[in-house]
Amino acid sequence: MKNLLITTLAILAIAIGTELRAASDTLAPVTVEEAAAAEVVQRQLDAYNSGDIDAFVATYHPDVVLQWKGRDPFATNLDDVRRIYGALFEKKPDLYAVILSRSVDGNTVIDRERLVGSTREAIARYEVRDGKIARVFFERIEAPTGEQTPKN
C-alpha cells in the first residue's frame with residue numbers, strides 16, 4: 001500500500017510538473033531574442049500607460065511602420081509616432097491599456113489588448129529589430145462577452 005501511494009504521488013508530481021512547464025512555455029519567452037522582444041514591447045506599454053511620449057518613442061526603430069489591418073500605414077517614422085501619440089496622450093491623459101494575453105516567437109510579440117473602460121480590443125503584432133519596435137500591425141476585435149475592462 002505504501003509503495004502504491006509513493007508511486008501515485010510520483011506520477012502526480014511528474015504530471016503536474018509537465019503541465020506547469022507546458023503552461024509557462026506558452027507564457028514566458030524562452031530565448032534571449034524573445035526576452036529582448038518582450039522587454040521592449042513591455043517598456044512601450046508602460047510608457048503608453050503613463051503617457052510618457054519620450055519613453056514611448058524611444059522604444060521604436062527609426063524606420064518604424066504602424067498600420068491597421070487592411071489599411072495603409074498611419075505612421076512611417078519616429079516623427080509620425082511622436083505627433084500622433086503625443087496628441088493622443090494630451091487629449092486622453094487617463095488612457096490605459098491592459099494585456100489580456102501575450103505570445104512571443106523569436107522577434108515577434110503578439111498582444112491581445114483592451115483599453116480600460118472600453119469593450120474594444122485589438123490584436124497587436126510587434127516586430128522587433130535591433131532592440132526596437134520596427135513594425136506594428138493592429139487588428140480591431142470586439143470583446144467576446146461585451147464586458148468592459150473596469151477603470152482603475
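Read the figures in this text as sums done on the coordinates, not as results from a lab. Remember, it's a predicted structure, so these values are computed and weren't measured experimentally. Note: ideal-geometry Cβ built from the backbone for every residue, glycine included; neighbour counts use all protein chains shown.
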Practice prompt. Would you order Thr59, Thr119 from fewest to most other beta-carbon atoms within 10 Å of each residue's own beta-carbon?
Written response: Thr119, Thr59
Worksheet entry | Amide H partners (placed H, <5 Å) of Ile133, local residues excluded | Tyr60, His61
Worksheet entry | Part-to-part distance (alpha-carbon centres) for segment 105-131 and segment 26-90, which is given in Å | 9 Å
Worksheet, complete the sentence: Any residue on another chain or 5+ positions along whose placed amide H is under 5 Å from the amide H of Tyr96 is listed here as Val116
Worksheet, complete the sentence: Phi-derived 3J(HN,Hα) across segment 112-119 with the Karplus relation (6.51, -1.76, 1.60, θ = phi - 60°), rounded Hz, x for Gly and Pro, is 9, 10, 9, 6, 4, x, 9, 9
Response to the item:
Correct semi-axes for segment 20-138, from √(5λ) of the alpha-carbon gyration tensor and rounded to whole Å with the largest first, are 23, 17, 13
Practice prompt. Straight distance only, please: which aspartates and glutamates reach the Cα of Lys91 with their own Cα at less than 15 Å, same-chain residues fewer than 8 apart left out?
Written response: Asp52
